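Throughout, read-outs are computed from the coordinates displayed, never taken from laboratory work. Note that the coordinates shown come from a computational prediction; the quantities given were computed from them, not determined experimentally. Quick reminder, even Gly has a Cβ in these numbers, built from the backbone with ideal geometry, and neighbours come from all protein chains shown.
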């Protein structure tokens with residue numbers, strides 16, 4: 001049977017991690033929340049980049065439609081993110097790598113593996 005926590009007792013964060021690093025409980029909680037958000041953002045960014053590259057090479061879907069499908073509300077934000085992932089605009093990425101059969105095969109496999117078409 002689970003025991004109810006004592007409301008007057010210090011949390012694990014306050015009792016252990018905080019004093020060790022000179023932080024109070026609220027500061028430790030804020031740092032952990034930031035780390036979780038940063039991790040989520042990083043995962044989402046990486047996934048969007050992988051899927052964008054796959055769509056660009058393994059389909060003839062228009063660039064704006066790919067951006068919308070990946071959750072970008074504006075074509076400009078998709079293009080800016082593409083510069084962060086690939087160092088170039090989505091249309092330039094497609095033009096540059098569409099002739100690379102290994103990249104196209106990998107993109108096709110990724111979309112097939114994720115059952116996305």
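Overview of values
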read-out: Descending principal axes extents, segment 61-111, alpha-carbon based, whole Å; value: 30, 21, 16
read-out: Label point distance in nm, residue 85-residue 50, each placed 7 Å from Cα along Cα→Cβ; value: 1.1 nm
read-out: R0 of 30 Å, Cβ-Cβ distance residue 102-residue 30: FRET efficiency to nearest 0.05; value: 0.10
